[in-house]
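Step one of this worksheet: look at the structure below.
Bear in mind that the values in this text are calculations on the coordinates, not laboratory data. Source: prediction; values computed, not measured. All Cβ positions, even for glycine, are placed from backbone atoms using ideal geometry, and neighbour counts span all protein chains on display.
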Amino acid sequence: MHRQERSSTVAEGPALHALGRVVAVLASAATALAGVGLLLSLALIGWAVVMRYVFNAAPVWVDEVVGFLLVAMVMLAAAQTLRRGEHIAVDVLVERLSARGKRWTRVWAALATLAITAVLIVNGWDTAMLARRLGLLTEGNLEWPTWWLMLLIPAGGCLLALAAVEALWRALAGLPPTASAAHAEKEPD
Amino acid sequence: MTIALVFLALLLLLFTGLPIFAGLALFGGVLQYLTQGELGTVTEIIFGEVNRYLLVAIPLFAFMAQVMIRGRIVDDLYNTSYTLTRHLPGGLGIATIAACTIFAAISGSSVATALTIGAVAIPQMVRYGYDPKAAYGLVAAGGTLGILIPPSGPMVLYGVTTDTSIGGLFMAGVVPGLLMAAVFAVFTVASTAVAHRHIRPEPRASLREAAAAIRKSLWAFSLPAFVLGGMYAGVFTATEAAAAGAWLALFIAVVIYRKMGLSEIWAAALDACRVSAMLFMILAGASVFGHVLTKLRIPQQIVQTVIAADIGVTGFLVVMMALIFVLGMFLESIAIILITTPVIVPAMQHLGIDPIWYGVLLVINLELAQITPPVGMNLFTIKAITRAPMGQIIRGSAPYVLLMILVMAMVMIWPQIALWLPGTMIGG
C-alpha cells in the first residue's frame, strides 16, 4: 500500500499537463469498456444458467466468450489502476527512505513497468502476427481467429506504457503521483 | 541452493517498491532470457493464464460485494447481530465477529470485510467502553474471515493454479471459518470478563425484538445462503454462483432496498474491474515467473529435496506453513499463492497431500499475513479507518495471531475439520 506523498509545489508544465489529460481520457475510456465487459459477462452467464435450467439448451460458447472478456477487462483496466496507485507494491523499505529516495524508487518502478509494457507490446504484436500468418483459431466451439484476440495484450500494453511514461515524468519532475494529485479524479472506494 | 537464491533475489527485487506484477514479470523475463537466450512467446503464456472461465468468478464476486456495500444492504447486519448478542458478556464484540462472519460470506475479501464492518463496529465498541486496542484487533482479525469463509478470491486463484475443485475448496473453508469465528468469540467473552469488567451486558432482546432484527437482515442473510447453497447442491459452478449471486444482489439493492441507481451500479462495475486488473496483472507476472521456474526444473528439484530430507507430510506442511508465515509478513496474499503454489504442487502430489486440505491451511496462513507486521493489509485498513497509531493496532491484533495459529494447527492435526463438508457435497 503506497503512502501518498505531500503535494509538491512544483507546477506541471503544459506538455506534462497535456499528456496527463490524454492518458486520463484514454485510461478512463478503456476502463469504461472493461466495465461493459464485466456487465456483459454477468448477462451472458446469467442467460446461460437460465437457458440450461429452463430451456434445457445451454449455449456452449458462453464459457469461451467470458474468458476472452476477462482478458479484455484486465488489459483495459490496468492503466487506470496504475494511475490510481492501486497496483500493490511492497513498500515497507521504501517508506523509510528520504523524499529524494522515494522519488527515485518511483522512477525505478515506472521504468520497470515501462520495460514490461515494451515486452507486452513487441512480443504481443509478434505473437499475434505469427498467429495470423499461421491462421490459428481458438480452441473450442467458436473457432475465432486467435490473432485479433491476442492483440488485446499489446493494446493494453500501450495504455499501460502511456500511464507509466506519465508516472516517470511526474517522478522526474518532482510531482506527486497521479493517485494523490488533484486531477486524478479519485473516487471514494 | 539455486531455489533459495532465485527466491531471495525475487524478494530483494520486490522490496525495491515496484508493482508486484512488474517485479514478477521482470524477474521471470530476465531469468528466461539469461537461461534460454530468448523471451519466447511470453505474451501467449499470459493470455492463456488469464483466459480462463473459472477466473471470471473473481470479478463477479467483487461486483456482488460492491453492490451489497453500495446498496447499504449490510448496514442492518451489525444492528441485527448486536440485538441478538447484547445480553452476553462481550456482546458487542461477539456481534462484531458475527457481522464479520456473515459479511465474509458475501464479500470474499478480507480488506472489504474489515473496512465495511470496522467503520460501524469500532466507533460503537469504543463508545461502549471497550479498549480501542481490543476493538482494532478484533476487527482486523474478524475481517480476515473474508478469505476463509466462501466465497474467497484467494481460493479461486489457488483452485485454478492447482486444478482443484473451487466448489470443494469453498465448502472446505466453511467449518474452519466458523471454528475460527467461535474461537474469536470465546476469546472476546473471556477477555471482556477480565479486562472490561466495567462493561455491563444490556438486557436480552425480547422475542419480538429479535424477530424484527432478523427480519431486517433477512435479505443480507439470503445472499450467502443462495450462493453457497447453490454450489453445495451442485446447481451452480463457482462462476455461475458468482453471476447468480451478483444478480440477486442487484435485485435486493435495486428492487427491494431501492438504494441503488444506474450510476452506483456502474461505479460498482468499474471498481470490480480495477480490483480484477490488479489481481490478474499479478497473475500475468507470476505466469512468466512460473514458466521459467518450470523450465529450470525447480519444482522437480523441490520434490527431490523433499525425498532426500525424508520429512514426511507433517514435516513438509510445517516447513511450508513456516515459510508462508514469514513471506506473509512482507508479501500480499495473492503474490504468495502465485509464487509458492505452482512450484510445490509436484511435491504435494508425491506426498499424497489432499490439495483441498493444503488450500485451507494456506488460506488460514494468508489470513495471518493480513495482520502480521510490517505488511498486513488489515492493519493498514484499520489504520485508514481510525488513524490510530500502528503500534496500538499491532498490539491489539497480536492475540489473534496466536488464535489463528491454534486453528491452523487444529486443521493440520484433524484434516476432517476442512474435508468433511466437501465430502458431503452433491456431485462433490
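For segment B:283-297, just list the computed ³J(HN,Hα) in residue order, Karplus coefficients 6.51, -1.76 and 1.60, θ = phi - 60°, integers in Hz, with x standing in for Gly and Pro.
With the stated coefficients, segment B:283-297 comes to 4, 4, x, 5, 5, 5, 4, x, 4, 6, 4, 5, 4, 7, 6 Hz.
Viscosity 0.890 mPa s, temperature 25 °C: give me the Stokes-Einstein translational D for chain B in µm²/s, with Rh taken as the Kirkwood radius over C-alpha pairs.
Rounded, D is 111 µm²/s.
Want the number for B:Thr424 to B:Thr314: 0.36 nm per residue separation, take away the alpha-carbon distance, what's left?
Values: separation 110, 0.36 × 110 = 39.60 nm, distance 2.56 nm.
Net length gain for the segment: 37.0 nm.
Work out the mean other chain Cβ neighbour count within 10 Å for the residues of B:345-355 and drop it here as an integer.
Partner-chain Cβ atoms within 10 Å, mean over residues of B:345-355: 0.
Give me the one-decimal Kirkwood hydrodynamic radius in Å for segment B:383-428, with the sum taken over alpha-carbon pairs.
Value: 13.4 Å, from the Cα pair sum.
Give me the count of lysine pairs in the protein assembly as shown whose alpha carbons sit under 26 angstrom apart, restricted to pairs 8 or more positions apart or on different chains.
Summing the qualifying lysine pairs gives 6.
Which of A:Gly101, A:Gly20, A:Gly174 moves the most in a Gaussian network model of chain A with Cα springs under 10 Å?
Of the options given, A:Gly101 has the highest mean-square fluctuation.
Go ahead and collect, in residue order, the members of segment B:1-35 whose backbone nitrogen is under 11 Å from a label point 7 Å along the Cα-Cβ direction of A:Val92.
B:15
Taking only DSSP H segments of four or more residues, each worth -39500 (n - 2.57), what value at 222 nm results for chain B once the sum is divided by all its residues, to the nearest 500 deg cm²/dmol? Provide the component values of the computation, followed by the final result.
On the way: 21 runs with 337 residues, N = 428.
It comes out at -26000 deg cm²/dmol, rounded to the nearest 500.
Within 10 Å of each Cβ in A:59-72, how many Cβ atoms from other chains are there, averaged over the peptide? Show your work: numbers first, answer last.
Numbers: counts 0, 0, 0, 2, 6, 2, 1, 9, 9, 3, 3, 11, 10, 2.
Across the residues of A:59-72, the mean count of other-chain Cβ atoms within 10 Å is 4.
Can you give me the span-like helices of chain A, meaning DSSP H runs with 15 Å or more of Cα extent along the axis and Kyte-Doolittle mean at or above 1.0?
The qualifying helices are A:14-54, A:62-83, A:152-172.
Count, for each residue of B:242-248, the Cβ atoms from other chains sitting within 10 Å of its Cβ, then give me the mean as a whole number. Walk me through the numbers on the way to the answer.
Working: counts 3, 10, 5, 0, 6, 5, 0.
What the average comes to for B:242-248 is 4.
Nearest 10 degrees, 0 to 90: what angle lies between the long axis of helix B:238-250 and the longest principal axis of chain B (Cα atoms)?
With rounding to tens, the tilt is 30 degrees.
Convert each backbone phi in segment B:378-390 into a coupling constant with the Karplus relation 6.51 cos²θ - 1.76 cosθ + 1.60 (shift: θ = phi - 60°), then list the ³J(HN,Hα) values in order as whole Hz, x for Gly and Pro.
Couplings: 6, 4, 5, 5, 5, 4, 5, 6, 9, 6, 6, x, 4 Hz.
Please list 3J(HN,Hα) in residue order for segment B:180-193, calculated via the Karplus relation 6.51 cos²θ - 1.76 cosθ + 1.60 where θ = phi - 60°; whole Hz, with x for glycine and proline.
After applying 6.51 cos²θ - 1.76 cosθ + 1.60, I find 4, 4, 5, 4, 4, 5, 4, 4, 5, 4, 5, 5, 5, 4 Hz.
Within 10 Å of each residue's Cβ, count the other Cβ atoms and sort B:Leu60, A:Leu93, A:Leu82 from fewest upward.
In increasing order of surrounding Cβ atoms, one gets A:Leu93, B:Leu60, A:Leu82.
Relative to the longest principal Cα axis of chain B, at what angle does helix B:20-36 sit, 0 to 90 degrees, rounded to 10?
Helix B:20-36 sits at roughly 10 degrees to that axis.
Quick check: pseudo-label points 7 Å beyond the Cα along Cα→Cβ at B:Ala195 and B:Ile413, how many nm apart are they?
2.5 nm
How much length is gained on full extension from B:His87 to B:Gln36, taking 0.36 nm per residue of separation minus their Cα-Cα distance?
11.7 nm
Quick one: which residues, 5+ away or cross-chain, put their amide H under 5 Å from the amide H of A:Leu137? H built at 1.01 Å from N.
Residues meeting the criterion, in which the H sits 1.01 Å from N, are A:Thr146.
Segment B:183-269: which trypsin sites (Lys or Arg not before Pro) are DSSP loop and have at most 11 other beta-carbon atoms within 10 angstrom? Intermediate results must be reported in sequence, preceding the final value.
Numbers: sites: B:Arg197, B:Arg204, B:Arg208, B:Arg215, B:Lys216, B:Arg258, B:Lys259; in loops: B:Arg197, B:Arg204, B:Arg258, B:Lys259.
In loop regions of segment B:183-269 (DSSP not H, G, I, E or B), the sparsely surrounded trypsin sites (Lys or Arg not before Pro) are B:Arg197, B:Arg258.
Give me the percent relative contact order of chain B, please, defined on Cα pairs under 8 angstrom at least 6 residues apart.
26 percent
So which residue, out of B:Ala284, B:Ala335, B:Ala119, gets the largest mean-square fluctuation from a GNM of chain B using Cα contacts under 10 Å as springs?
Per the Cα network of chain B with a 10 Å cutoff, B:Ala119 tops the list.
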